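First the structure, in the form of structure tokens, and then the observations on it.
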Amino acid sequence: MPNVQNQSSLSLDTIVFALSDTARWRLLAELASGEGRMIIDLARRIGRSSNSTTKHLQVLLRAGILIKRSRLYHLAEGFRPAPGSREIDFGSCVIRLDRF
């Protein structure tokens, strides 16, 4: 079972590192819909290779922002946007994914 953390347990350093690449922002934007997605689908959607996408997903998994069920990646429950919202609240910051 993955190490799932909640918002309050993520350090600012972890959040900054996890969000320090535009590919990871794009991945979060794709997963903000609430649907789980496979690596190949995510790679196509963000315009990256499967290998590159896998590396970015691993960063988000280690941070506790994502979970993986079977072969699908999802936002961890504590980071799922409210219905109709495209904002993820990390506790120390909120990101809007409207432009992705």
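The values are calculated or read from the model by the stated rules, or taken from the named source; none is laboratory data. Since we're looking at a predicted model, the values are computed, not measured. Cβ placement follows ideal geometry from the backbone for every residue including glycine, while neighbour counts extend to all protein chains displayed.
Odds and ends about this structure:
- Hits in region 55-100 (condition: among the hydroxyl-bearing types (Ser, Thr, Tyr) and in a loop (DSSP other than H, G, I, E, B)): SER70, SER85, SER92
- Lone unmet requirement of (1) assigned to a helix (DSSP H, G or I); (2) of a type outside the set (A, V, I, L, M, F, W, C); (3) surrounded by 14 or more Cβ atoms within 10 Å (Cβ to Cβ); (4) over 11 Å from the mean Cα position of the chain (by Cα) for ARG26: (4)
- Test: residue in region 85-100 that is touching a helix residue (DSSP H, G or I) at 6+ places or on another chain (Cβ under 9 Å), modelled with pLDDT of 95 or more and more than 20 Å from LEU12 (Cα to Cα): no
- Taken over region 39-62, the residue count meeting the criterion of being over 16 Å from THR22 (Cα atoms) and in contact with a Leu (Cβ under 8 Å, 6 or more places away or on another chain) is 1.
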